[in-house]
1. Just name the residue that is nearest to the other protein chains (Cβ to nearest Cβ) out of those in the range B:13-37 that are at pLDDT below 95 and over 11 Å from the mean Cα position of the chain (by Cα).
2. Considering only residues that are hydroxyl-bearing (Ser, Thr, Tyr) and assigned to a strand (DSSP E or B), which ones fall in the range A:69-97?
3. Please list, ordered by residue number, the strands (runs of 3 or more DSSP E) wholly in the range B:44-111 having 3 or more residues that are more than 10 Å from the chain's Cα centre (by Cα), more than 11 Å from chain A (Cβ to nearest Cβ) and over 26 Å from B:Pro14 (Cα atoms).
4. Could you check the range A:91-114 and list, in sequence order, the residues that are more than 20 Å from A:Gly40 (Cβ to Cβ), at the interface with chain B (Cβ under 10 Å from one of its Cβ atoms) and open to solvent by 10 Å² or more (accessible area, probe 1.4 Å)?
5. Give the residues of the range A:38-56 that are modelled with pLDDT of 95 or more and open to solvent by 20 Å² or more (accessible area, probe 1.4 Å), sorted by residue number.
6. Using the structure shown, decide if B:Cys23 is farther than 23 Å from A:Ala2 by Cβ, open to solvent by less than 50 Å² (accessible area, probe 1.4 Å) and not in a loop (DSSP other than H, G, I, E, B).
7. For A:Phe66, are the conditions met, namely being open to solvent by less than 20 Å² (accessible area, probe 1.4 Å) and in a loop (DSSP other than H, G, I, E, B)?
8. Looking for something without any contact (Cβ under 8 Å) to a residue 24 or more places away in the chain, open to solvent by less than 40 Å² (accessible area, probe 1.4 Å) and polar (S, T, N, Q) - is there at least one such residue anywhere in the range A:1-24?
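The values are calculated or read from the model by the stated rules, or taken from the named source; none is laboratory data. Predicted, not measured: the structure shown is a model, and the values here were computed from it. We place every Cβ from the backbone using ideal geometry, glycine too, and count neighbours over all the protein chains shown. Ligands, DNA and RNA are stripped out before the accessible areas are found, and what is left, the full protein with its side chains, is counted by its heavy atoms. Shrake-Rupley method; radii C 1.70, N 1.55, O 1.52, S 1.80 Å.
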Amino acid sequence: SAVISQKPSRDICQRGTSLTIQCQVDSQVTMMFWYRQQPGQSLTLIATANQGSEATYESGFVIDKFPISRPNLTFSTLTVSNMSPEDSSIYLCSVTGTGNQPQHFGDGTRLSIL
Amino acid sequence: RKEVEQDPGPFNVPEGATVAFNCTYSNSASQSFFWYRQDCRKEPKLLMSVYSSGNEDGRFTAQLNRASQYISLLIRDSKLSDSATYLCVVNIGGGSYIPTFGRGTSLIVHP
């Protein structure tokens, strides 16, 4: 399976600031996703990162708050904007091929907002 | 009703026990199914895909029941290292890939 590098692995940020998380894959992948996992909860899909076009956001998530880029088939970024303590979470990128193949996840970014 | 439901547990079992988890899904058009394992504060890792005919990987057996819309995971001869949260993932939707995660079932294997 693809090797997925996610940076940073963790960060502590001040409220009102923004943080960009990077996801780099060692091979071209068709689909990339961004998830959030709050403490004690399951994963919640934020958006599907589309190569060369705007991301597809799930209900409850908007581009102004979580802008996503995907300039090519191996790289994507997620920005968490104007952060508040409620944004403290683990953010995960995942990738998959075509069809019904399983996803594989990056190590995650553990974000704490003070 | 949630699209994918799991009993959160925890399931607390002794080493060597056999334990089974179920996961129900609501959309009959669901096409692919997976079990993931997630250790505390780690990313989910694929444990196994679930095939229509059922499949086995060592101590782990996965089964799919389309008529009743559930999948199951059976763990035989539990080890301490099996302690984790097990996530059920269902790909819901016709031609598009829309993965949906269950909330996970917590397993604790004790000596």
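1. Checked the range B:13-37; the qualifying residue nearest to the other protein chains (Cβ to nearest Cβ) is B:Ser32.
2. Within the range A:69-97, the subset hydroxyl-bearing (Ser, Thr, Tyr) is A:69, A:74, A:76-77, A:79, A:81, A:84, A:88-89, A:91, A:94, A:96.
A:Ser69, A:Ser76, A:Thr77, A:Thr79, A:Ser89, A:Tyr91, A:Ser94, A:Thr96 - these are the residues of the range A:69-97 that are hydroxyl-bearing (Ser, Thr, Tyr) and assigned to a strand (DSSP E or B).
3. On the way: elements: B:45-50, B:55-57, B:60-65, B:70-75, B:84-91, B:99-101, B:105-110.
Per the criteria, no element qualifies.
4. Within the range A:91-114, A:Gly97, A:Thr98, A:Gly99, A:Asn100, A:Gln101, A:Pro102, A:His104 meet the criteria.
5. Hits for the range A:38-56: nothing passes.
6. On the way: farther than 23 Å from A:Ala2 by Cβ: yes; open to solvent by less than 50 Å² (accessible area, probe 1.4 Å): yes; not in a loop (DSSP other than H, G, I, E, B): yes.
Yes; evaluated as a whole, the condition is true for this residue.
7. On the way: open to solvent by less than 20 Å² (accessible area, probe 1.4 Å): yes; in a loop (DSSP other than H, G, I, E, B): yes.
Yes; evaluated as a whole, the condition is true for this residue.
8. no
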